[in-house]
Amino acid sequence: MSDKQGAIRFLDYRVLKVEFYLNDVETQSDELNVKFSSDKEIDKELNNMLVELDVKIGDKDKSSFFMNICLEGLFELSQDYLDYDIDNFYSNALAILYPYIRAIVSTYTAGANIQPVILPTINIKKMLK
């Protein structure tokens, strides 16, 4: 077994917001309108990075449902990598958080007694460009 520590270590996450609106509207398309936004806060003294991921699905008025989920994750940055380009680690952090968003969406839509929505996997690096 290797003693090498990775550049980042996932410590914890928490859900900051979940909005869910079920509308009495029939959509013409099965295509989901999904919008992502994210942000990061880096504290080099504490060797950590706080990453926020926000996902909006649908439109409040025009879609059969609308969801807005926001969660944040706390990551420890290895001292050895603090001088590297943090954006490389940022995309990894988002890739770690995204499955939690997917699970929340599936759970909420199933619980709302509508066809459960399973968000597709995505290429985080491409999304950030």
Among the residues of region 72-129, which ones are open to solvent by 80 Å² or more (accessible area, probe 1.4 Å) and among the aliphatic types (A, V, I, L, M)? 118
Of residues in region 49-61 being open to solvent by 60 Å² or more (accessible area, probe 1.4 Å) and either assigned to a helix (DSSP H, G or I) or modelled with pLDDT of 95 or more (or both), the one nearest to residue 122 (Cα to Cα): 56
Tell me the residue from 69, 101 that is part of a helix (DSSP H, G or I) and at pLDDT 95 or above, please. 101
Among the numbered criteria (1) farther than 24 Å from residue 129 by Cα; (2) open to solvent by 60 Å² or more (accessible area, probe 1.4 Å), which one does residue 64 miss? (2)
Criterion first (touching a strand residue (DSSP E or B) at 6+ places or on another chain (Cβ under 7 Å), in contact (Cβ under 8 Å) with a residue 60 or more places away in the chain and among the β-branched types (Val, Ile, Thr)) does residue 96 satisfy it? yes
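The values are calculated or read from the model by the stated rules, or taken from the named source; none is laboratory data. None of these values were measured; they are calculated from a predicted model. Using ideal geometry, Cβ is built from the backbone for each residue, glycine included, and neighbour counts are taken over all protein chains shown. Heads up: the accessible areas ignore ligands, DNA and RNA and are worked out on the full protein's heavy atoms, side chains in. Shrake-Rupley method; radii C 1.70, N 1.55, O 1.52, S 1.80 Å.
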